[in-house]
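Engineer: Mind looking over this structure? Questions follow.
The values are calculated or read from the model by the stated rules, or taken from the named source; none is laboratory data. Quick caveat: nothing in here was measured; it's all calculated off a predicted structure. Cβ atoms come from the backbone with ideal geometry, glycine included; neighbour counts cover every protein chain shown. Each accessible area value is taken on the protein alone, full model and side chains, heavy atoms only, with ligands, DNA and RNA left out. Shrake-Rupley method; radii C 1.70, N 1.55, O 1.52, S 1.80 Å.
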Amino acid sequence: TALVTGANRGLGRQFALELIARGARVYAGARDPGSIDLDGAIPIGVDITDPASVAAAAEEAGDVTLLVNNAGISTGANLLTGDLSDVHRELDTNFFGTLAMVRAFAPVIERNGGGAVLNVLSVLSWLSMPMAGAYCAAKAASWSMTNELRLDLADKGIEVVALHVGPMDTDMMAGSDVPKSDPAAVAAMALDG
């Protein structure tokens with residue numbers, strides 16, 4: 001049983017579709033559960049930046065054994081010159097929101113006999129670009145967090161892994177004229193791994 005955050009579009013939608021195709025029970029999370037239109041998925045409202053929303057999702061999806069932390073944002077904020085509120089939004093979503101989900105769902109997964117957490121990160125976890133400094137910093141922090149959580153949760157029967165994606169053909173990358181991977185292929189490869 002899986003919960004995929006940000007399942008209303010892009011890579012999250014592809015994760016949910018692939019999990020359903022593989023026979024999983026799937027909670028498809030989004031801030032607006034009405035935006036979920038996936039046959040076979042259970043829409044669930046979750047705003048990963050809102051502690052009450054995260055707690056409610058953990059209560060509602062109490063049978064989860066796989067958490068796919070896919071929800072994320074990119075404001076394009078430069079760390080030095082960008083709007084500081086955008087930098088905060090990136091860290092609140094891409095780092096603190098991801099951490100909040102793991103903290104809420106680790107006891108759920110452990111209670112259900114163990115499982116896994118997959119944190120969707122980026123190749124930008126390892127390098128920086130001025131036009132995406134806040135995103136890079138948040139994803140780098142999330143990579144460090146993932147490594148720590150892997151150690152913390154291993155004895156609870158919870159595997160913690162990261163997916164470092166490059167450019168994909170999603171809304172987030174719509175304005176970039178670069179070669180892009182198919183998010184359906186990325187989701188399938190990540191689940192195979």
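Engineer: Sort out which residues of region 145-163 are more than 14 Å from residue 102 (Cα to Cα) and either in contact (Cβ under 8 Å) with a residue 60 or more places away in the chain or out of contact with any strand residue (DSSP E or B) (no Cβ under 9 Å at 6 or more places or on another chain) (or both), and write them in order of number.
Structural biologist: Answer for region 145-163, where residues must be more than 14 Å from residue 102 (Cα to Cα) and either in contact (Cβ under 8 Å) with a residue 60 or more places away in the chain or out of contact with any strand residue (DSSP E or B) (no Cβ under 9 Å at 6 or more places or on another chain) (or both): just 155.
Engineer: Of the residues 124, 149, 163, only one is over 21 Å from residue 4 (Cβ atoms) and surrounded by 13 or more Cβ atoms within 10 Å (Cβ to Cβ); which?
Structural biologist: After ruling out the rest, the residue left standing is 124.
Engineer: Further question on the same structure: Looking at region 143-150, is at least one residue part of a helix (DSSP H, G or I) and either at pLDDT below 85 or of a type in the set (A, V, I, L, M) (or both)? Don't jump to the end; show me each part of the working.
Structural biologist: Pass one, region 143-150, residues part of a helix (DSSP H, G or I): 143-150.
With the extra rule that they be either at pLDDT below 85 or of a type in the set (A, V, I, L, M) (or both), the set shrinks to 145, 149.
Checked against the condition, which is being part of a helix (DSSP H, G or I) and either at pLDDT below 85 or of a type in the set (A, V, I, L, M) (or both), region 143-150 yields at least one hit.
Engineer: I would also like to ask the following. Could you grab me the full set of residues in region 4-54 that are touching a residue at least 60 places away in the same chain (Cβ under 8 Å) and in a loop (DSSP other than H, G, I, E, B)?
Structural biologist: Passing the criteria: 5, 6, 7, 9, 22.
Engineer: Looking only at region 69-92, how many residues end up being in a helix (DSSP H, G or I) and either of a type in the set (A, V, I, L, M) or under 20 Å from residue 190 (Cβ atoms) (or both)?
Structural biologist: Just the residues of region 69-92 that are in a helix (DSSP H, G or I), to begin with: 84-92.
Filter once more, keeping what is either of a type in the set (A, V, I, L, M) or under 20 Å from residue 190 (Cβ atoms) (or both): 84, 87, 91.
The qualifying residues number 3.
Engineer: Is it true that some residue in region 71-87 is touching a Lys or Arg at 6+ places or on another chain (Cβ under 8 Å), within 19 Å of residue 120 (Cβ to Cβ), at pLDDT 95 or above and open to solvent by 30 Å² or more (accessible area, probe 1.4 Å)?
Structural biologist: Among the residues of region 71-87, not one is touching a Lys or Arg at 6+ places or on another chain (Cβ under 8 Å), within 19 Å of residue 120 (Cβ to Cβ), at pLDDT 95 or above and open to solvent by 30 Å² or more (accessible area, probe 1.4 Å), which makes the answer no.
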